[in-house]
Amino acid sequence: MASLFELGCRGCGRRDNAGAVYFARQRVPQSPAGVFSLWESPHLSTVLRHAFVPASNQRLANLVGPMESHIRTIEAATQTAISRREGAFKIEGAKRNAQKALEVLQALYEMAGRAISAEHVQLMLAGDAASVNEGEDGVARLSTRRSDLRARTPNQSVYLSHIAEHDITFGIGPAGTGKTYLAVACAVDALERNAVQRIVLTRPAVEAGERLGFLPGDLTQKVDPYLRPLYDALYELMGFERVQKAFERNALEIAPLAFMRGRTLNNAFVILDEAQNTTPEQMKMFLTRIGFGAKAVITGDASQIDLPKGAVSGLLDARRVLKNVQGIAFTQFDSGDVVRHPLVARIVDAYDRVTPRPAAAQTGGKAGAKAASPARAAAAAAGSDDAQEQAGHA
């Protein structure tokens, strides 16, 4: 597939062969279709042209998306203006931004033999081309009802590897990074492969202004609202009927953390969600429930601690105490791993700028174990993360 593109500079008041008039600080499109974007900036100075040869109408339709929604998404993310005439695209913007938009278009066109979703576009913009391509070798696959389920970011790939290779794995990071969802998917996969006999999902039932005893209904009705996110993930990954059958044969259990005391969980895949709301005593109690043939995953977000002020989070305490214990791995997520609405990543970054939250190291094994990056390893070694996060909570 040949490609043509050229660099150019916008002239003040100049009209090009696509019918667009350029002024000092804005581009006014005069295309008959009238679908070009407007974006004002004093830095709009570079023009890139690219032609897909030979052009495939089906590929182009998949590339641009319904009502050219994918093009609009790329424009907004790269702060460029993109116009096209059949297979010929013109990209205007700051040089680096225009080049980024061109690279995304080229990469998406390569995979446009099938439908391209908005999620694919967002992942490509995030620079994670490998996870977009379903045929990519080495991408972890999980046996669930979702055939397209796999790691979407490098940290998610590390997370899945840690879960596969360690008996206890911690996933720590902001909302929307897939911590709980991927953990549940791994549990479902293990159950499907008969690697475990049951799945146990738990989370602390932190009262939101009302004590459980004063809430209406029986015990199940009292605690269900706290456990609803776990139900949602199971229904999506297994289907409603299979979830109900799993409950009936005791292959699936969802319960508040307090109900774990005194139990030994053998041949089970155990997930503790919202672990930032545990106390150190609760965390120790949970970790010591693990029996033979069991695997545990603990997830939490250190920026969303709902404990009373001054209380120590069991998640932060565990990261400090257990970071060098063999057989335990830690995976730290950040805003780059957010796979929800694009605004979620920007929201996380905005809050982090107001309340800095240093990244923790990804460790697995003893002190010599490899970390995700030298910076994160140094941060964990310094032991400053927990102190700062706990100070912010207090």
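The values are calculated or read from the model by the stated rules, or taken from the named source; none is laboratory data. The shown structure was predicted, so the numbers you read here are calculated from the model rather than taken from an experiment. Cβ placement follows ideal geometry from the backbone for every residue including glycine, while neighbour counts extend to all protein chains displayed.
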Subject >> Complete set of residues in segment 55-82 that are over 19 Å from ALA118 (Cα atoms) and either crowded, with 22+ Cβ neighbours inside 10 Å or among the aliphatic types (A, V, I, L, M) (or both) >> reply: ALA55
Original post:
So which of GLU248, GLU274, GLU241 ends up being charged (D, E, K, R), modelled with pLDDT of 90 or more and on the phi > 0 side of the Ramachandran plot?
Top reply: GLU274
**OP:** State yes or no: is ARG150 out of contact with any helix residue (DSSP H, G or I) (no Cβ under 6 Å at 6 or more places or on another chain), surrounded by fewer than 18 Cβ atoms within 10 Å (Cβ to Cβ) and modelled with pLDDT under 80?
**Re:** no
Original post:
Hey, does segment 227-235 have a residue that's hydroxyl-bearing (Ser, Thr, Tyr) and either modelled with pLDDT under 70 or not assigned by TED's automatic domain parsing to the domain that holds PHE286 (or both)?
Top reply: no
Subject >> Meets criteria (more than 22 Å from ARG152 (Cα to Cα), surrounded by fewer than 16 Cβ atoms within 10 Å (Cβ to Cβ) and modelled with pLDDT under 90) for SER117 >> reply: no
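Scan VAL339, VAL325 and give me the residue that is modelled with pLDDT of 80 or more, aliphatic (A, V, I, L, M) and in a loop (DSSP other than H, G, I, E, B).
Selected residue: VAL325, the only one of VAL339, VAL325 that is modelled with pLDDT of 80 or more, aliphatic (A, V, I, L, M) and in a loop (DSSP other than H, G, I, E, B).
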Subject >> Residue list for segment 288-304, filter: assigned to a strand (DSSP E or B), under 17 Å from GLY178 (Cβ atoms) and either in contact with a His (Cβ under 6 Å, 6 or more places away or on another chain) or not hydrophobic (A, V, I, L, M, F, W, C) (or both) >> reply: THR299, GLY300
Subject >> Checking LYS95 against (1) modelled with pLDDT under 80; (2) surrounded by fewer than 20 Cβ atoms within 10 Å (Cβ to Cβ); (3) within 33 Å of the chain's Cα centre (by Cα), the condition it does not meet >> reply: (1)
Original post:
Out of ALA275, ALA296, ALA268, which single residue is under 26 Å from PRO154 (Cβ atoms), surrounded by 24 or more Cβ atoms within 10 Å (Cβ to Cβ) and either more than 21 Å from the chain's Cα centre (by Cα) or among the small types (Gly, Ala, Ser) (or both)?
Top reply: ALA275
